[in-house]
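Here is the structure we will look at.
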């Protein structure tokens, strides 16, 4: 049992009065060996309260344990260390090894402890975003379908934006960024997020390689996209807290007593109401209203472009002018009989589910003219205005009867030529008993 400071003082006083441990022991109500131990410790210049370090069997191997702990950055297991020490001649038990490894890890962590410094933000500089799992709502077919919550915020004003989505693909991400920037009313200088494949393709020698589409988005809006350190959410604590608060208030649970959402529109309305509440009340850290600070921060933001990035409108692909895009075709492929005609860029998303030309493009202006030309017959007279390439004229369903129009029928003075023998099946226009399309040599 350890003696208190008062008892140690009485033991030393009794020893000084008698000079003999056996005589001083009855005076201080202690054992003679205890009196002798404290008297010797005082003569050696050590504090009487310090424990006496005794030699251990593992002392010769402490240097090797510290080496393994430092090499693995404090992650090595004690049972693995014990196996290696046993092979080196250690005869102690595993409990002794575990105690030594615990002490070595504590010393290593004390020398490599992470230093936290307050992040002093500037207005108009940083935008951060992250994703969170949202509630399940009825999908287009009526069955429950999982949703995602896009959570972004401005670091200085603490203004937050939460948007519900069905997925987290690249077009969805770009659309959410466009909506957030327009709600904020400006574009900050930097944006920080996780290392997702939609943002970072890979890491080469520890350097992140950005997705080319994200680089184009940053160039379009005038901001630089950065990513945090991999597997280190502490470098992005602001969006993590935004996601946690949004899920606590929007996802139905027993703690918030929320009912299930009846539709995706209901979830979107709940997200909009949540943003109005959190942006209109006093923030605990800044002691100010984020919506009021946003008015001040807008003076330091860059203007938002009038037109959104094309990827925010859907997947872009090339489709021939005289063909309709078939569903499911990827980028650069087209369907229909009009192969070889001038291609035009279209979006895969339209209200009716059909691809449409880019806003403001020349293809959009000539869409009606091309549709009227396609109604004139299967590869027959008429075409897109401005297309001067020669085509074989077809008279009396020549594609099906194997006859090319004669001179004067196509309006070009071309000479009639015999076509290949028709085969069974249908032509490209769907006529029965048609052969292959006739081509001019």
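Each value in this text was obtained by applying a stated rule to the coordinates, not by laboratory testing. The structure presented is a predicted model; accordingly, all values stated were derived computationally and were not measured. Here Cβ is always computed from backbone atoms with ideal geometry, including for glycine, and neighbour counts include all displayed protein chains.
Highest first, please rank the peptides 274-280, 80-86 by the mean number of other Cβ atoms sitting within 10 Å of their residues.
Answer by packing, highest mean first, reads 80-86, 274-280.
Two decimals, Cα atoms only, Kirkwood Rh: what is Rg/Rh over the stretch 4-99?
Values: Rg = 21.0 Å, Rh = 16.5 Å.
So for the stretch 4-99, dividing Rg by the Kirkwood Rh gives 1.27.
Please work out, to two decimal places, the log10 of the ratio I(q)/I(0) at q = 0.15, 0.17, 0.21, 0.26 Å⁻¹ from a Debye calculation in which every Cα of the stretch 139-224 carries one identical scatterer.
Debye output, listed in q order: -0.64, -0.80, -1.10, -1.43.
Just check the stretch 89-138 against the gyration tensor rule for me: Cα atoms, a ≥ b ≥ c as the square roots of the eigenvalues, rounded for a/c under 1.5, and otherwise prolate or oblate depending on whether a/b exceeds b/c. Can you show the working numbers first?
On the way: a/c = 7.01, a/b = 1.93, b/c = 3.64.
Note, shape of the stretch 89-138 comes out oblate.
Along the principal axes of its C-alpha atoms, what lengths does the stretch 126-311 span, in descending order and rounded to whole Å?
45, 39, 35
So if I take the centroid of the Cα atoms in the stretch 287-301 and the same for the stretch 153-222, what is the distance between those two points in Å?
21
Computed FRET efficiency, Cβ-Cβ of residue 307 and residue 72, R0 30 Å: what is it to the nearest 0.05? Show your work: numbers first, answer last.
On the way: r = 53 Å, r/R0 = 1.77.
Efficiency, rounded to the nearest 0.05: 0.05.
In nm², what is the average projected area of the convex hull enclosing the Cα atoms of the stretch 59-111?
Mean projected area for the stretch 59-111: 3.2 nm², to one decimal.
For the peptides 101-107, 301-307, what is the packing order when you average, over each peptide's residues, the other Cβ atoms within 10 Å and list the highest mean first?
101-107, 301-307
What is the packing order of peptides 189-201, 282-294, taking the mean over residues of other C-beta atoms within 10 Å and listing the highest first?
Per-residue mean Cβ counts within 10 Å order the peptides as 189-201, 282-294.
Could you please tell me the mean projected area of the C-alpha convex hull for the stretch 216-277, averaged over all directions and given in square nanometres to one decimal?
6.8
Each label point is 7 Å from the Cα along the Cα-to-Cβ direction; what then is the distance between the points at residue 117 and residue 33, in nm?
Here the modelled spin labels are 5.7 nm apart.
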